[in-house]
Amino acid sequence: MSADPYRAFLESKIKRAPVSGFDVNPASLSSHLKPFNTAIVRCALQGGRRAIFTKFGLHKTRMQIEIMHQIGIHAGGRQLIIAPLGVRQEFLRDAAVMGISIRFVRSAAEVSETGIHLTKYKTVRDGKLEPNLFEAASLDEASVLRSFGSKTYQTFLTLFQNVRYRFVATATPSPNRFKELIHYAGFLGVMDTGQALTRFFQRNAEKAGDLTLYPPQGR
C-alpha cells in the first residue's frame, strides 16, 4: 500500500476487472494478425471477459475469430459471435483466409457439437438461440445495441451471464453515453450495472433517467 494516505484512498476506489482467462504463446496465433492484433488477442484471452475498442480497419473481425478459435483449442465446446447481418460475409471471408471454419446459424437446431458459430442479434433477442449452449460469446459492433434500447441490453445481460468467456467489440464506444459503457461492464461481469450507477452517478430527483457523475472529492 502507498505511504501517501490520499493515494492509498484513491487506489482503494479502483475497480479492477477480474481475470478469468488463460495465456497463449504468441507463436501459436494466426499469422494473418498484425503485431498489435496479436497483443490485443493475448490480452483478451488472458482476461477472459474483455472489450475490444479499436477503430475501423484495425481487424476486429479477425481478432474475434482468433479469440474464438483459441478458446476452442483451450476449452473445447462451442463459440458464438453475434454480429449485424450486414457483416456476415466479412466474417466468413476472413475466416476462410485464416483457415478457420465458421458456421452461420439461425436457430438452435443448426448448432453443431463444436466450433465457431455466427448469428445475428435478432436471432438471440427473439429467443431462437440459447447462449448457454456456448462456451464463449463475442458481440461484434456491440454499439448497435443502442438502437435496440435498454430493454435489449438488460435481456442480453441475463442471457449471457452463464457464458464463461465473453467479449464485446466496437469501433464506436461512446464516452459520453455512460450507460452504454456501464452495460458493457455489466455484460463482461466487471461490475453490476446497478452498482456502477449507484457508485459513480447521482440522480436527479425531479427527472427520471437524468444521471450526472459525482463531482471530484477534495483532499
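Any read-out appearing in this document is the output of simple, stated calculations on the displayed coordinates, not a laboratory observation. Keep in mind the model is a prediction, meaning the values are calculated, not measured. Every residue, glycine as well, gets a Cβ built from its backbone with ideal geometry; the counts of neighbours run over all protein chains shown.
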Rounded to whole Å and ordered largest first, report the semi-axes of the equivalent ellipsoid of region 1-114 derived from its Cα gyration tensor (root of 5λ).
33, 16, 15
Within the chain, what percent of beta bridges assigned by DSSP are antiparallel, to the nearest 5?
10 percent
Computed from the mean reciprocal separation of all distinct C-alpha pairs, what Kirkwood hydrodynamic radius does the chain have, in Å?
18.6 Å
The size of the Cβ-based charge dipole (Lys, Arg +1; Asp, Glu -1) of region 166-216 about the Cα centre, to the nearest 20 debye, is 60 debye
How high is the relative contact order of the chain, given as a whole-number percent (alpha carbon pairs under 8 Å, six or more residues apart)?
19 percent
Do the sum for the chain: with -39,500 (n - 2.57) for every DSSP H run of n ≥ 4, divided by all residues, what is the mean residue ellipticity at 222 nm, to the nearest 500 deg cm²/dmol?
-11500 deg cm²/dmol
For the chain, the dipole about the Cα centre with charges only on Cβ (Lys and Arg +1, Asp and Glu -1), to the nearest 20 debye, works out at 400 debye
Quick one: grab the alpha carbon gyration tensor of region 5-45, order the square roots of its eigenvalues as a ≥ b ≥ c, and give me rounded if a/c is under 1.5, else prolate or oblate depending on whether a/b is larger than b/c.
prolate
In this structure, among 55/122; 120/179; 15/60; 15/128; 13/207; 15/55, pairs with alpha-carbon gaps over 32 Å are 15/128
Just how far, in whole angstrom, is region 91-116 from region 60-79 if you go by their alpha carbon centroids?
11 Å
Any idea what angle helix 178-188 forms with the longest principal axis of the chain, computed on alpha-carbon atoms, 0 to 90 degrees, nearest 10?
50 degrees
One finds the C-alpha centres of region 153-198 and region 1-48 to be spaced, in Å, by 18 Å
Just going by the charge dipole of the chain, with Lys and Arg at +1 and Asp and Glu at -1 on Cβ, which of 27, 10, 58 is farthest out on the positive end?
10
